[in-house]
1. With charges only on Cβ, +1 for K and R and -1 for D and E, what is the dipole size of the chain about its Cα centre, in debye, rounded to 20?
2. Which residue, 73, 394, 183, has the largest displacement toward the positive end of the dipole of the chain when charges sit on each Cβ (Lys, Arg +1; Asp, Glu -1)?
3. Dividing the convex hull volume of the alpha carbon atoms of the chain by its residue count, what do you get in Å³ per residue?
4. Find the relative contact order for segment 65-353 and round it to a whole percent, using C-alpha pairs within less than 8 Å whose residues are 6+ positions apart.
5. Can you tell me the equivalent ellipsoid semi-axes for segment 63-209? Use √(5λ) from the Cα gyration tensor, largest first, whole Å.
6. Applying a 10 Å radius around every beta-carbon, put 341-354, 244-257, 318-331, 200-213 in order of their mean neighbour count, most first.
7. Mind checking which lysines have their C-alpha under 20 Å from residue 300, skipping anything on the same chain fewer than 8 residues away?
8. Please list 3J(HN,Hα) in residue order for segment 324-334, calculated via the Karplus relation 6.51 cos²θ - 1.76 cosθ + 1.60 where θ = phi - 60°; whole Hz, with x for glycine and proline.
Amino acid sequence: MEGAIQNLHIPLISAIIMSILIKNTLLGGKESHIYIEENRISEIGRITEADEVIDGANTIAMPGLVNTHTHAAMTLLRGYGDDMPLHEWLQNRIWPAEAKLDGEMVYWGTRLAIIEMIKSGTTAFNDMYFFMEDVARAVQDSGVRALLGYGFIDLFDEEKRENEIKETEKFVRFVETMNNPRIKAAVAPHAIYTVSREGLEWSAEFAREKGLRLHTHVSETEKEVKDSFEQHGMSPVKYLDSMGFLGSDVIAAHSVWLDDRDIEIYAKRGVWPSHNPASNMKLAVGRAMPYSRMRKHGIKPVLGTDGAASNNNLDMLEEMKTAALLQKLSGDPTALPAHEALKMATEWGTQALGFNAGKIEEGYLADIILIRSDIPEMTPMHNWESSAVYAANGSAVDTVICDGRTLMRNRRIDGEEEAIRRAREMAERFYG
Ligand code: NI
């Protein structure tokens, strides 16, 4: 932990710039100037001067991408156990490795994750993990936006539950004292198979008392659903709803094995399902999230990568394509079109996290990415949305602005080499 604290002096964000002008970028298919004042988009159009001028020629501008479900520090476990059945993977590889984690490892694992996210166009993410104060410091030092929740796991044990309640309250207080508008606390009970009913009820009550969002995993596997019917006589969604857990402040990761009743409940409560297609396919959960049925009920699904141990990268451009292709595997080529994949990854994602970003319009937070349009895979560009979803991957991202600050220009990020070196050192500790 101390190691992480000592590293806070690294100057990641250069001198304060009050205004930024992006000139001649393509916005919604039209050449535009985007003017940013402090941390907001103040004008699209006429202004021609600013403290920092970015030449946007040969780029398309998009809102920063939003990763609505991840465990950022799991970058340290990238490739540590692959091609294994879910339970064997968790029990023999992931859990023993996670038992060795400390705050310093989580800090550098998260810093590495954030650099990877910035390089692939993500400006906000929703995280659930341990040593969350170190995660919050990593977010503070990196300039991105995040919703952060301590992974509450009581394993149906009362003593553990009391401890998790204390940890959650402590982390929420920590975020309050940080007083950083880029960082928000969430309450994050892991799942119904790792958290008792009392733990889930406490989480929902505490979140609502504090006005915080809830983040959990729901119906990822068929086994989870079968077990729920056996133990509670109802589906995981119905079980959560029966205790008043579900609402428009809930981000429900995976939400794969949902039946029509479950979907109706999601629609009624305004739940945000976070679709994690790469993780679902890699861990072979056996089917795709029922996206089209959700849309018919007016639900707005959002998108996430899940942790790097089950993906194995955090590239949201790639994730959009994966999501669209997975839905089309059903036999319907019109399912999840590019336009909606973009909405999942931007506008809807940011609504789910509760930030006023996700659109490049006056008054919105200045979270903007520029994607190169003069690279082979983006040429020719008949339709910018199709190019962004189906042709681009993270390496097409040139510039990233978050909260009115330039975090990456020409693919250069301050502190990248150090974060990679430190993360590599931290990962060595799994073998010690
Ligand atoms: Ni997850």
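1. Around 740 debye, computed over the chain.
2. Of the options given, the answer is 394.
3. Given the Cα convex hull of the chain, per-residue volume reads 138 Å³.
4. 21
5. Each semi-axis is the square root of five times an eigenvalue, giving 23, 21, 13 Å.
6. 341-354, 244-257, 318-331, 200-213
7. Once the sequence-local lysines are set aside, what remains near residue 300 is 238, 268, 321, 328, 343, 359.
8. Listing the rounded values in order: 5, 5, 4, 5, 6, 4, 5, x, 10, x, 8 Hz.
The values are calculated or read from the model by the stated rules, or taken from the named source; none is laboratory data. What you see is a predicted model, and the numbers here were worked out from it, not measured in a lab. Note that we place each Cβ from the backbone using ideal geometry, even for glycine, and neighbour counts take in every protein chain shown. In case anyone asks, the SASA skips ligands and DNA or RNA and just uses the protein heavy atoms, side chains included. Shrake-Rupley method; radii C 1.70, N 1.55, O 1.52, S 1.80 Å.
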